[in-house]
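Structure record follows, encoded as structure tokens.
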Amino acid sequence: MYRTLDAEKIVATLDQLELRIRERFPGAGLVQVCSELALVARQTQERSRQIGGPQFGLRVGVATLLVAVTGLLVYVGIRVSASTRTTDDLAGTIQGIDAAVNLFVLTGVVLFFLFSLEERLKRRRALKALHELRSIIHVIDMHQLTKDPSTEVAVSRATTSSPKRTLDAFQLVRYLDYCSEMLSLTAKVAVLYAQSFPDPVVTEAVNDLERTAGSLSQKIWQKISILEHSGGARAEPC
């Protein structure tokens, strides 16, 4: 029970987080980002289940091809054997054996392709979905990018092109904390793919996504630390 991630619990946590952001910052773009992330998490719940499960239609097709290839090999083997017994031409016999060997090698390549087809298709689907989650991570980072704590701890003057600062120190901490939570939950959504389909390539892609999310979250917590040490952020419910 506590050894795997529960997709439904992740979705419920994201729904709760969206409500918290909406109540604290109604109309903020971060609300829509969290809503989109919750939608992706729901889709991931079904996608990861499909990727991790057997593809029966594909397996039937592969089995049919395997039977056909095996029949072809048997037929060619019989023809080569008959040709070898009925001819005294050494060159022709060698040529027939060489053609049979080439056919066997080609057949081995085809068989390897067929046996690995399901795994490669699953991997492609998982990597495509992980790319979508990686994009969401960077969207979250863009939303916190202009939330600069320096205006709360130092005297500075804005320029004409400076972004508008509408949040006080406490609101800024809450906003940044929500961004950090979203990054963490995005990584957890990604882990669902590695959990249902433990492929080395997919697992490495998930680990890379987690490292990216962790690195961005660390930058956010550096901002929060600056604000907390300045004394501008007072403790209130999240």
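Please specify each residue of region 164-191 satisfying the condition of being aliphatic (A, V, I, L, M) and not in a helix (DSSP H, G or I). If the condition is that a residue be aliphatic (A, V, I, L, M) and not in a helix (DSSP H, G or I), then 167 is the only one that fits.
Scan region 90-111 and give yes if some residue there is more than 23 Å from residue 11 (Cβ to Cβ), aromatic (Phe, Trp, Tyr), modelled with pLDDT of 70 or more and in a helix (DSSP H, G or I), otherwise no.
Checked region 90-111: no residue is more than 23 Å from residue 11 (Cβ to Cβ), aromatic (Phe, Trp, Tyr), modelled with pLDDT of 70 or more and in a helix (DSSP H, G or I).
With respect to (1) modelled with pLDDT of 95 or more; (2) touching a helix residue (DSSP H, G or I) at 6+ places or on another chain (Cβ under 8 Å); (3) surrounded by fewer than 14 Cβ atoms within 10 Å (Cβ to Cβ); (4) not aliphatic (A, V, I, L, M), the lone exception for residue 134 is condition (3). Among the residues of region 180-232, those identified as of a type in the set (S, T, N, Q) and farther than 30 Å from residue 124 by Cβ are 180, 218, 222, 225, 230. Selection of first residues in region 4-31 that are under 11 Å from residue 178 (Cα atoms) and of second residues that are among the hydrophobic types (A, V, I, L, M, F, W, C) and in a loop (DSSP other than H, G, I, E, B), restricted to Cβ pairs under 8 Å at least 6 apart or on distinct chains, gives the following pairs, ordered by first then second residue: 20/238; 21/28; 31/25. Just so you know, in region 1-46 the residues that are more than 24 Å from residue 126 (Cα to Cα) and of a type in the set (S, T, N, Q) include one that is surrounded by the fewest Cβ atoms within 10 Å (Cβ to Cβ), and it is 16.
The values are calculated or read from the model by the stated rules, or taken from the named source; none is laboratory data. What you see is a predicted model; the values in this text were computed from it and never measured. Every residue, glycine as well, gets a Cβ built from its backbone with ideal geometry; the counts of neighbours run over all protein chains shown.
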